[in-house]
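Before any comments, here is the structure.
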Amino acid sequence: MTGALRVLHVEDAADDGELVVLELEAAGYQVDYLRVETAASMEAALASPRDVVVSDFNLPSFDAYGALRLLQASGQDIPFIVVSGVIGEMVAVSLMKSGAHDYVMKGQLARLAPAIEREIRDAAVRRQQRQEALALAESQRQLQELSAFLQQAREQEGTRIARELHDELGQALTALRIDIQWLDRKLPGRDEQVGARLANMLRTVDQTVDTVRRISENLRPGMLDDLGLAAAVESHVAKFGRQSGIACDLAMNRDDFALDDATATALFRVLQEALTNVARHAQARHVAIRLQEQPGQIVLAVQDDGCGMPPPGVRPRRGYGLLGMQERVKLLGGRLDICSAPGAGMRVEASLPLPALAEGAER
């Protein structure tokens, strides 16, 4: 590597400085050289861009350790190379552990240019890696924002559709049922086939009403909006027990929880997904659900006594349910822990920070 090289030399001997410049020029560099002897002058020099800092080990009012600390405090990631004639191996190792990149004996200045070239190249790689890490972090932040927006939009759309199903389609089905009952009353002399057909129509309408109600509840449980998380959890667990035949044990340490909509919705969705997994995969006979408000957080735990999950390497793919739960909880600053082993059941635990309104309600 050749070209311009901005060198900051921490050195009290001008002759030694000239030797460093001559060595670097002989290696093909166009040297922009500045020599300093004190901490104050080095700190001022670091205000301008430098490519490398070369430092003697011991100066009358300064040393390599102090120079290294000044460079590190400046936040610049440029090579720091010690050039000294009195440094021992133990001191050299100590300097390297402190952050120096290399050391060169004054009697071996031929090593200086290759060392600088190597360390400048390594510093460029580190800067590139930091830039890529920052870009990745920014990309992840944007993806999290998008995920949060999509989660919110999906919940809002689900709420809108659920209300339309309940209000519009539900009313239409109710009106249809009334009309069928009216026909049933107005046709006293009908034959058996007509009566059977009317009865079948009523059953179909009732089944459709149940289907609409189920779809509406899955889209957005009305009880969550009307009565809060505790009532919605109690209702969902009871319904799950009836439909699955799995014994459920529910314990909550509050009759109601003062939560914002996002937190309540996230906990309820985690409960839904966890119980769905129990019904589909666990082969469980019993499931315990705990919803507890603790200092600074609210915790939902779902523990079953089923078959558990095999190790990740042999685990079959089951879609994105667990991943979706983790992302939903993470977006709200919480964490989701999943513990499982073959034959030992599975435990899903979601911990979310309590919103300010809940903490205020406690006080």
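The values are calculated or read from the model by the stated rules, or taken from the named source; none is laboratory data. In this text, all values refer to a predicted model and were calculated from it rather than measured experimentally. Glycine gets a Cβ as well: all are built from the backbone with ideal geometry, and neighbour counts include every protein chain shown.
Each residue in segment 89-118 was checked for being under 19 Å from ALA4 (Cα atoms) and of a type in the set (Ser, Thr, Tyr), and 0 of them qualify. Residues considered: GLN142, GLN193. Of these, the only one that is loosely packed, with under 11 Cβ neighbours inside 10 Å, under 50 Å from the mean Cα position of the chain (by Cα) and assigned to a helix (DSSP H, G or I) is GLN142.
I'd like the full set of residues that are among the acidic types (Asp, Glu) and in contact with a helix residue (DSSP H, G or I) (Cβ under 7 Å, 6 or more places away or on another chain), limited to segment 4-15. Hit for segment 4-15 is GLU11, nothing else.
Within the set ALA230, ALA288, the sole residue that is within 24 Å of LEU331 (Cβ to Cβ), surrounded by fewer than 21 Cβ atoms within 10 Å (Cβ to Cβ) and of a type outside the set (Asp, Glu) turns out to be ALA230. Taking the numbered list (1) closer than 30 Å to ARG254 by Cα; (2) in contact with a Lys or Arg (Cβ under 6 Å, 6 or more places away or on another chain) in turn, GLY228 passes all entries but (2). Restrict the check to segment 98-116 and report whether at least one residue is surrounded by fewer than 19 Cβ atoms within 10 Å (Cβ to Cβ) and either more than 26 Å from GLU25 (Cα to Cα) or touching a Phe, Trp or Tyr at 6+ places or on another chain (Cβ under 8 Å) (or both). Scanning segment 98-116 turns up at least one residue that is surrounded by fewer than 19 Cβ atoms within 10 Å (Cβ to Cβ) and either more than 26 Å from GLU25 (Cα to Cα) or touching a Phe, Trp or Tyr at 6+ places or on another chain (Cβ under 8 Å) (or both).
Of note, VAL83 does not satisfy the criterion of being at pLDDT below 90, among the hydrophobic types (A, V, I, L, M, F, W, C) and touching a Phe, Trp or Tyr at 6+ places or on another chain (Cβ under 8 Å). Checking each residue in segment 42-57 for being outside any loop (DSSP other than H, G, I, E, B) and either surrounded by 15 or more Cβ atoms within 10 Å (Cβ to Cβ) or in contact (Cβ under 8 Å) with a residue 12 or more places away in the chain (or both) picks out MET42, GLU43, ALA45, VAL52, VAL53, VAL54, SER55. Scanning segment 339-356 for residues that are at negative phi and either of a type in the set (A, V, I, L, M) or exposed (fewer than 13 other Cβ atoms within 10 Å of the Cβ) (or both) returns ALA341, PRO342, ALA344, MET346, VAL348, ALA350, LEU352, LEU354, ALA356. Among the residues of segment 159-215, what is the count of those that are of a type outside the set (Val, Ile, Thr) and within 24 Å of ARG269 (Cα to Cα)? Final tally of qualifying residues: 10. For segment 58-69, which positions are surrounded by fewer than 21 Cβ atoms within 10 Å (Cβ to Cβ) and touching a residue at least 12 places away in the same chain (Cβ under 8 Å)? Correct list: ASN58, LEU59, PRO60, SER61, TYR65, GLY66, LEU68. In segment 236-251, which residue that is surrounded by 12 or more Cβ atoms within 10 Å (Cβ to Cβ) and of a type in the set (D, E, K, R) is farthest from ARG269 (Cα to Cα)? Within segment 236-251, the match that is farthest from ARG269 (Cα to Cα) is ASP249.
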